[in-house]
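Working notes, structure below.
Computed from the coordinates by the stated procedures, all read-outs in this text should not be read as laboratory data. Note that this is a predicted model, so its numbers are computed, not measured. Here the Cβ positions follow ideal geometry from the backbone for every residue, glycine too, while neighbour counts run over all protein chains shown.
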Amino acid sequence: ETGVTQTPRHLVMGMTNKKSLKCEQHLGHNAMYWYKQSAKKPLELMFVYSLEERVENNSVPSRFSPECPNSSHLFLHLHTLQPEDSALYLCASSQVIGGYSPLHFGNGTRLTVT
Amino acid sequence: LAKTTQPISMDSYEGQEVNITCSHNNIATNDYITWYQQFPSQGPRFIIQGYKTKVTNEVASLFIPADRKSSTLSLPRVSLSDTAVYYCLVGDGNQGGKLIFGQGTELSVKP
């Protein structure tokens with residue numbers, strides 16, 4: 001148990017579907033993150049939230065839409081995805097934003113776009 | 001943002017000590033150095049963090065020279081279960097949380 005829970009663990013969706021990924025952290029942290037990890041590639045930062053405010057949007061296509069209703073929950077809404085969006089999507093949290101505040105990751109959602 | 005460079009892969013045998021070095025030549029004064037471990041299909045897991053000199057915890061040691069332009073993660077007496085990808089990250093609180101992962105080092109431990 002990592003303290004950061006992601007659901008679903010696996011998701012297969014067509015290019016015209018709309019789905020959402022959910023992340024919940026039980027650590028009392030104030031910052032939450034979405035990362036994307038494609039096969040054999042390093043993690044790519046997508047979005048950063050601090051106290052429910054988005055502080056970083058790393059040039060992510062608009063077909064990915066994040067939502068942070070409170071400091072414990074983070075969603076990633078998906079629509080009209082492309083096959084190249086197939087990847088492992090990882091959620092993380094940290095006490096505060098900053099390199100001195102270690103990231104705690106969930107185990108990810110394995111997304112396949114057909 | 002400080003860029004990090006690590007070896008792409010390393011091989012070791014059970015019981016050996018493994019040292020993985022990360023270069024971060026343009027590290028800033030406020031930057032901390034953090035190492036993570038990742039197994040396949042799992043999220044990375046925090047291992048150790050340091051600012052200068054030496055830090056040790058129950059799983060690893062982190063050596064940082066005085067100029068802080070590199071750091072070395074030391075894993076004592078590795079086992080097969082230490083086979084994973086190891087990432088070195090450098091950053092502080094002034095980058096909007098923009099912590100960038102590099103390619104990492106794929107460590108393979110053999111019996």
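Does region B:10-42 hold any residues that are in a strand (DSSP E or B) and either over 20 Å from residue B:53 (Cβ atoms) or of a type in the set (Gly, Ala, Ser) (or both), and which are they? Can you show your working first?
Of the residues in region B:10-42, the ones in a strand (DSSP E or B) are B:10-13, B:18-23, B:32-38.
Those that are in a strand (DSSP E or B) and either over 20 Å from residue B:53 (Cβ atoms) or of a type in the set (Gly, Ala, Ser) (or both): B:10, B:11, B:12, B:13, B:18, B:23, B:36, B:37, B:38.
Is it fair to say residue B:109 is surrounded by 20 or more Cβ atoms within 10 Å (Cβ to Cβ), in contact with an Asp or Glu (Cβ under 9 Å, 6 or more places away or on another chain), within 13 Å of chain A (Cβ to nearest Cβ) and farther than 23 Å from residue A:109 by Cα? Steps first, answer last, please.
Details: surrounded by 20 or more Cβ atoms within 10 Å (Cβ to Cβ): yes; in contact with an Asp or Glu (Cβ under 9 Å, 6 or more places away or on another chain): yes; within 13 Å of chain A (Cβ to nearest Cβ): no; farther than 23 Å from residue A:109 by Cα: yes.
Here the answer is no, as residue B:109 does not meet what is asked.
Can you pull out the residues in region B:13-58 that are touching a helix residue (DSSP H, G or I) at 6+ places or on another chain (Cβ under 8 Å) and either surrounded by fewer than 17 Cβ atoms within 10 Å (Cβ to Cβ) or of a type in the set (Ser, Thr, Tyr) (or both)?
Matches in region B:13-58: B:14 only.
Determine the pairs where a residue that is within 14 Å of chain B (Cβ to nearest Cβ), located within region A:1-29, has a partner that is acidic (Asp, Glu) with Cβ atoms under 6 Å apart, the partner being 6 or more residues away or on another chain.
Every condition considered, the pairs that remain are A:5/A:24.
Cβ contacts < 6 Å: first residue under 22 Å from residue B:64 (Cα atoms), restricted to region B:31-42; second residue in a loop (DSSP other than H, G, I, E, B) and of a type in the set (Asp, Glu), any location; separation 6+ or different chain. Result?
Correct list of pairs: B:31/B:92.
Filter region A:28-41 down to the residues that are surrounded by 15 or more Cβ atoms within 10 Å (Cβ to Cβ) and not in a strand (DSSP E or B) and list them by number.
Keep residues of region A:28-41 that are surrounded by 15 or more Cβ atoms within 10 Å (Cβ to Cβ), which gives A:29-37.
Scanning region A:28-41 gives A:29, A:30.
Residue pairs, Cβ under 6 Å, 6 or more apart or interchain, first in region A:71-96 and more than 16 Å from residue A:38 (Cβ to Cβ), second hydroxyl-bearing (Ser, Thr, Tyr). List them.
Matching pairs, first to second residue: A:75/A:20; A:77/A:20; A:77/A:65; A:92/A:33; A:94/A:101; A:95/A:101.
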